[in-house]
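The values are calculated or read from the model by the stated rules, or taken from the named source; none is laboratory data. A quick note: this is a predicted structure, and the numbers were derived from the prediction, not measured. Backbone-built Cβ (ideal geometry, glycine too); neighbour counts: all protein chains shown.
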Amino acid sequence: MIDVCSRESGSVLSIEDALDRIKAAIHPVNDTEKTANALGRVLAESVYSPINIPRDRNAAMDGYAFAGRDIVQGQAFTLSLAGTSWAGRPFQGQLQPGQCVRIFTGAVVPEQADSVIMQEQVQARGQSIHFPADTQALQNIREIGEDVKQGACLITQPKKLTAIDLGLLASAGIDRPIVKRQLKIAYFSTGDELTALGLPLESGKIYDSNRTLLSGLLADPCYDVVDLGVIPDDKQLLEDRFIEASLNYDVIITTGGASVGEADYVKEILHSCGEVNFWKIAIKPGKPLAFGKIGQCYFFGLPGNPVAVIVTFQQLVAPALRQLSGAPFAKPLRFIATCSSALKKSPGRQEYQRGILSQDEHGEFFVASAGKQGSHILSSMSRSGCYIILPKECNVVQAGDRVIVEPFSLLI
């Protein structure tokens, strides 16, 4: 199999070099806001706890609170019941020697007590509570500040806040952390052949699936996203839209028009009204990808084929957007699996083939081809669960070979 694109002259960046260029070119946003809708947003300032967590000593289980000094070593003993400490309603009296209190999980432990025994280990007869001979002191109490000390750092910036993070903040009484502002992102498709969903499809036309793809891929609380529709292959119209959008958004993402056809104007327009950092990368699918700036707005011109849109977005655009939003850099999780299919591959470009991942009863990973690998074939992408990543120098993969896989579930 001959890869025609691999013969093309000119500078073609490796994906590693392209990512390095993006990383060097992009500067994270500095603006911040305080918000109660912080799920998935990037924390802009580290948060410190204004209180001890827990605030009070409390019981780790239902049982009886008592003082260890009342234990009779090696013997069963009996204490009298002085009252009850409920969660939210502490025992109000003074615990005297020879006394204990009924206590429930999370309830405040009386000051004079230092131990809690679970209720299943004692026998209660009226106001007399009988303790076994093996009763241990200093058990089953959550100490003040055991989770977090007052003044300690709860969460360090920058971090994309999860539901667990918000729960931790709430446990300290914090409901409006300071986060990075949302990125303003505009996207649109280009091409005379595109038909909007809901309209009848004429001969020679195709439905615009790319904007639907981008809408899903950009579904992130860090992004404020606007769909600018479809723009026909009109150079002046495209340039006008590019310039107008660059004045109102942090990022523009287009699909189509980034190749070398006579109606592919993206690179030419970028040269005219902005700057081109690069526009070809040695990956398949997705070689024609333009990255640059128009004024202060970053620009990504993705290919027109839908699978190439997905691959280039996940491998290049998503890391760039994370960096721009202020989120910490994170390499994608990749691991080795045994390939059960023979795969076709020409050297020259790093390929992202679609695979179906499985795991046997021994924990070993296996991957099989999801089918046809054309950059226009979304059906095999829908069946897939991972990329099979084949390095540019790879020539052929035989069934039984070990390959690198990257699960979709861990991608943005």
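What to note about this one:
- If the condition is being in contact with an Asp or Glu (Cβ under 7 Å, 6 or more places away or on another chain), free of Cβ contacts under 8 Å to residues at least 24 places away in the same chain and assigned to a strand (DSSP E or B), then the stretch 165-210 contributes Thr195, Ile206.
Yes/no per residue for (1) among the acidic types (Asp, Glu); (2) at pLDDT below 90; (3) outside the structural domain of Gly355 (by TED's automatic domain parsing); (4) under 17 Å from Asp20 (Cα atoms):
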position: Phe242; (1), (2), (3), (4): no, no, yes, no
position: Gly257; (1), (2), (3), (4): no, yes, yes, no
position: Tyr298; (1), (2), (3), (4): no, no, yes, yes
position: Ala308; (1), (2), (3), (4): no, no, yes, no
position: Ala330; (1), (2), (3), (4): no, yes, yes, yes
position: Ala342; (1), (2), (3), (4): no, no, no, no
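- Output for the stretch 137-153, where each listed residue is surrounded by 12 or more Cβ atoms within 10 Å (Cβ to Cβ), closer than 22 Å to Gln112 by Cβ and not small (Gly, Ala, Ser): Gln139, Asn140, Ile141, Arg142, Glu143, Ile144, Glu146
- Sole exception among (1) within 25 Å of the chain's Cα centre (by Cα); (2) assigned to a loop (DSSP other than H, G, I, E, B); (3) of a type in the set (D, E, K, R) for Lys392, by number: (1)
- For the stretch 50-74, residues that are aliphatic (A, V, I, L, M), buried (at least 19 other Cβ atoms within 10 Å of the Cβ) and either more than 15 Å from Leu95 (Cβ to Cβ) or touching a helix residue (DSSP H, G or I) at 6+ places or on another chain (Cβ under 9 Å) (or both) total 1.
- Counting the residues of the stretch 93-111 that are modelled with pLDDT of 95 or more, out of contact with any Asp or Glu (no Cβ under 8 Å at 6 or more places or on another chain) and farther than 22 Å from Phe77 by Cα gives 2.
- Selection within the stretch 155-190 - among the polar types (S, T, N, Q) and under 13 Å from Tyr48 (Cα atoms): Thr156, Gln157, Ser171
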